[in-house]
Structures are given as C-alpha cells and as structure tokens.
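Report on the following structure.
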Amino acid sequence: QVQLVESGGGLVLPGGSLRLSCAAAGSIFRFYTMNWYRQAPGKQREFVATITIGGSTRYADSVKDRFTISRDNTKNTVYLQMNSLKPEDTAVYYCKVQIAAKDYWGQGTQVTVSS
C-alpha cells in the first residue's frame, strides 16, 4: 500500500516562506517521479511542481522562480520550498505519485497566505 503524508503547512504573511514535506512509506519512493499539486477553494486541483528520479524538475508558471521542489531518497521524502508567498498561493497542497498508471495522493496540508 502506498502512503503519502504531507506536513509543513500553516498561516504565513505575504512575502513569507514555508517548506512542505511529503513522506512516503516504503522504499519504492526512489523509483518514481514525485509531484506537488494544490487546490484552492472553489477551484480545480492544479499542478505545481514535479521532480524525476534523476532530479530533473518542472514548475507551473505561477510558481516558477519562487518554489523549489527537491527530494531526499534516503528519507523517502519530497520537499516544496515556497518563497515570496502570495495570497493566491492559498490552497491545500497535495503530493502525488503515479505507479502502474494509478495515482496515489496524500491527505493534503493547508497553506494560508494572509495578512
């Protein structure tokens, strides 16, 4: 069974920073591309960032140059460093892995950017 657990969300002022973590149970983590998505109230879930097993990354235009995705295979964890946060970054953030054409999601962590 694939288990993903996100943490690190919270309330932050505009311009602030947060680092999200997604811990994956088991040793399979290192063999798969990992992704971050987010869902704002009343909106569809959207792609944020992805990182391959080789460390290549890709970002949504809305977060490019502000967010950084990274992974630590020794800890089975993927991170999302979020800087220069804006109110429009407010959302529930989810990590996702696709294994054998099936998507597995964590429970999400709330990020609120507000003064």
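The values are calculated or read from the model by the stated rules, or taken from the named source; none is laboratory data. This is a predicted model, so every value here is computed, not measured. Neighbour counts run over all protein chains shown; Cβ positions are idealised from the backbone, glycine included. Accessible surface areas use protein heavy atoms only, side chains included; no ligands, DNA or RNA. Shrake-Rupley method; radii C 1.70, N 1.55, O 1.52, S 1.80 Å.
Here are the numbers:
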item	result
Residue in the range 97-112 that is in a strand (DSSP E or B), open to solvent by 80 Å² or more (accessible area, probe 1.4 Å) and among the hydrophobic types (A, V, I, L, M, F, W, C) present	yes
Residue pairs meeting the criteria (Cβ under 7 Å; at least 6 apart or on separate chains; first within 17 Å of residue 40 (Cβ to Cβ), in the range 98-111; second basic (Lys, Arg))	105/96
Members of the range 80-96 that are in a strand (DSSP E or B) and either among the polar types (S, T, N, Q) or without any contact (Cβ under 8 Å) to a residue 24 or more places away in the chain (or both)	81
